[in-house]
Amino acid sequence: MISQYGTRPGLFFRRALIYLTAFSACFNPAISNAYEIVQSRGVDQRVDYEKLANIGAWDDRNYSLTLEDVRLLSENEPVSPLPAFYRVKLKREAGLRADMPVEYNRSQLNHFLQEYGGFEVNGKIYRQTRMKNGKYEVITEEDR
């Protein structure tokens, strides 16, 4: 039997359910953005913590950085998965100034993962990142 919609009634409702599910998934914040960088969680409100995600994957330990720490990072800091707090640590240990160019090699990411276990986001540790829109982001459980 064909309904007023030109199809069998069950088929129309199944299609409508599929379209609604797909449409709502586009606007689900848990899927599109699993974590949010909250400025007020940082120890130094002079630091733009959200900007730190432009150079490396986000890690909540970035909230411990002060303006003096962030000044160790160069204006042309290379984009890599290494979080900002770890870059500051590496530069301090090597005695490098902000104006000195640094190339972070791939082994430093492995050292970071061994030393810290991964990227801390909202109290959980994650080990994977991906490049999205020119930035590295942490892959959380909600993203899988």
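The values are calculated or read from the model by the stated rules, or taken from the named source; none is laboratory data. All values derive from a computational prediction rather than experimental measurement. Ideal geometry is used to build each Cβ from the backbone, glycine not excepted, and the neighbour counts take in all protein chains shown.
Taking the condition of being farther than 24 Å from Arg130 by Cβ, surrounded by 13 or more Cβ atoms within 10 Å (Cβ to Cβ) and not charged (D, E, K, R), how many residues in the stretch 89-101 meet it?
Here is the first cut: in the stretch 89-101, the residues farther than 24 Å from Arg130 by Cβ are 91-101.
Among the residues that remain, those that are also surrounded by 13 or more Cβ atoms within 10 Å (Cβ to Cβ) are: 91, 96, 98.
From what is left, the residues that are not charged (D, E, K, R) are 96, 98.
The number of residues fulfilling the criteria is 2.
Quick check on the stretch 88-110: of everything there that is under 19 Å from the mean Cα position of the chain (by Cα) and under 20 Å from Leu65 (Cα atoms), which residue is modelled with the lowest pLDDT?
Let us first name the residues in the stretch 88-110 that are under 19 Å from the mean Cα position of the chain (by Cα), namely 88, 104, 106, 108-110.
This time we only want the ones that are under 20 Å from Leu65 (Cα atoms), so: 88, 104, 108-109.
Details: Val88: 97, Tyr104: 89, Gln108: 96, Leu109: 96.
Restricting to residues being under 19 Å from the mean Cα position of the chain (by Cα) and under 20 Å from Leu65 (Cα atoms), the top hit is Tyr104.
So which residues in the stretch 101-144 are in a loop (DSSP other than H, G, I, E, B), hydroxyl-bearing (Ser, Thr, Tyr) and out of contact with any helix residue (DSSP H, G or I) (no Cβ under 8 Å at 6 or more places or on another chain)?
Keep residues of the stretch 101-144 that are in a loop (DSSP other than H, G, I, E, B), which gives 101-105, 117-118, 122-123, 127-128, 133-134, 139-140, 144.
Add one more test, that the residue is hydroxyl-bearing (Ser, Thr, Tyr), and what stays is 104, 140.
Answer for the stretch 101-144, where residues must be in a loop (DSSP other than H, G, I, E, B), hydroxyl-bearing (Ser, Thr, Tyr) and out of contact with any helix residue (DSSP H, G or I) (no Cβ under 8 Å at 6 or more places or on another chain): just Thr140.
Working carefully through the options Gly118, Gly56, find the one that is free of Cβ contacts under 8 Å to residues at least 12 places away in the same chain and either under 22 Å from Val38 (Cβ atoms) or of a type in the set (Val, Ile, Thr) (or both).
Numbers: Gly56 fails: free of Cβ contacts under 8 Å to residues at least 12 places away in the same chain.
Every option except Gly118 fails the conditions.
Out of the stretch 70-88, which residues are surrounded by fewer than 17 Cβ atoms within 10 Å (Cβ to Cβ) and under 26 Å from Lys132 (Cβ atoms)?
The initial filter retains those residues of the stretch 70-88 that are surrounded by fewer than 17 Cβ atoms within 10 Å (Cβ to Cβ), namely 71, 75-76, 78-79.
Glu75, Asn76, Pro78, Val79 - these are the residues of the stretch 70-88 that are surrounded by fewer than 17 Cβ atoms within 10 Å (Cβ to Cβ) and under 26 Å from Lys132 (Cβ atoms).
Pick from the stretch 24-46 the residues that are loosely packed, with under 10 Cβ neighbours inside 10 Å and modelled with pLDDT of 95 or more: which of them is nearest to Arg61 (Cα to Cα)? Please lay out each step first, then the result.
Of the stretch 24-46, the ones loosely packed, with under 10 Cβ neighbours inside 10 Å are 26-27, 29, 40, 46.
Right, trim to modelled with pLDDT of 95 or more and you get 40, 46.
Working: Ser40: 14, Arg46: 16 Å.
The extreme case among them is Ser40.
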